[in-house]
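Please read the structure below before turning to the comments.
Coordinate-derived values only; no laboratory data. The structure displayed is predicted, hence computed values, not measured ones. Cβ placement follows ideal geometry from the backbone for every residue including glycine, while neighbour counts extend to all protein chains displayed.
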Amino acid sequence: MALLAPSPRVLCRDMCAGAREAAAAVSSSAAACSSVGGARSSLAFGVWRGVRRGGRRGEGGGVRAAAAYLWDASVPVEMDEIDSMDKLDAALATSADNNLPVVIDWMASWCRKCIYLKPKLEKIAGEYPGVRFYFVDVNKVPQALVKRGNISKMPTIQLWKDGEWKEEVIGGDKAWLVMDHVREMIQKYK
């Protein structure tokens with residue numbers, strides 16, 4: 001069973017149109033859920049009776065409706081570890097052969113933010129089955145590998161495609177902002 005998590009990608013136009021449709025289709029005490037945009041997202045509608053300020057419960061509050069996009073958070077996929085230059089080369093070569101991006105999470109075992117973001121990246125890995133996700137613990141690998149990734153801060157999440165570095169995000173922001181940026185990177189190079 002898939003979990004639904006809110007996404008900040010809510011378009012006002014879609015919300016208003018969806019809310020009007022929901023209010024027309026559903027009675028005031030019920031709620032309905034409709035799938036929009038394929039298996040990855042849902043548009044949830046809630047409909048309820050409103051109450052005017054200062055008024056009593058039965059007095060003309062009317063019907064209110066709201067809509068919000070919800071992400072279908074797929075089953076998490078465990079990320080593979082890169083612990084040598086050979087494994088990095090193999091991962092990048094596989095990416096180039098299949099013409100798919102690779103996401104690499106450069107982390108450290110002592111970094112709290114790195115540890116916090118890793119399971120969230122594993123959930124995103126479940127959303128994009130064609131994209132390979134890896135992690136590198138910078139304390140367990142040769143310094144040459146860290147220099148190849150040009151890592152100066154952690155966590156750093158990089159997207160590589162065709163054996164080349166394309167884009168990165170440094171995980172200093174709030175977790176949902178970082179995950180949103182990772183999703184955007186994947187969509188851009190997928």
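Figures for the structure shown
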{"quantity": "Highest-first arrangement of 84-91, 177-184, where packing means the average Cβ count within 10 Å", "calculated": "177-184, 84-91"}
{"quantity": "Qualifying lysines (Cα of each under 24 Å from Cα of LYS87; at least 8 residues distant if same chain)", "calculated": "LYS118, LYS120, LYS123, LYS140, LYS147, LYS153, LYS161, LYS166, LYS190"}
{"quantity": "Integer Hz, Karplus 6.51/-1.76/1.60 couplings in order for the range 176-186, x for Gly and Pro", "calculated": "5, 5, 5, 5, 5, 5, 5, 4, 5, 4, 5"}
{"quantity": "Residues with amide H under 5 Å from that of LYS166, placed H, sequence gap 5 or more", "calculated": "LEU159, TRP160, LYS161"}
{"quantity": "For the range 126-143, 3J(HN,Hα) per residue [Karplus equation, 6.51 cos²θ - 1.76 cosθ + 1.60, θ = phi - 60°, Hz, x = Gly/Pro]", "calculated": "x, 6, 10, x, x, 8, 8, 10, 10, 9, 10, 8, 5, 7, 10, 10, x, 4"}
{"quantity": "Theoretical gain in end-to-end length, ASP162 to TRP176 [0.36 nm per residue, Cα-Cα removed]", "calculated": "2.3 nm"}
{"quantity": "Calculated from backbone phi, Karplus (6.51, -1.76, 1.60) coupling profile of the range 101-117 in Hz, x at Gly/Pro", "calculated": "x, 10, 10, 10, 9, 8, 9, 9, 5, 8, 8, 5, 5, 4, 5, 5, 7"}
{"quantity": "Förster radius 41 Å - calculated FRET efficiency between GLU78 and GLN143 (Cβ-Cβ, nearest 0.05)", "calculated": "0.95"}
{"quantity": "Selection from CYS111, ALA90, PRO129, by position along the positive dipole direction of the range 71-129 (Cβ)", "calculated": "CYS111"}
{"quantity": "All-pairs Cα distance distribution in the range 113-170, expressed in whole percent, bin size 5 Å", "calculated": "4, 14, 28, 27, 20, 7, 0"}
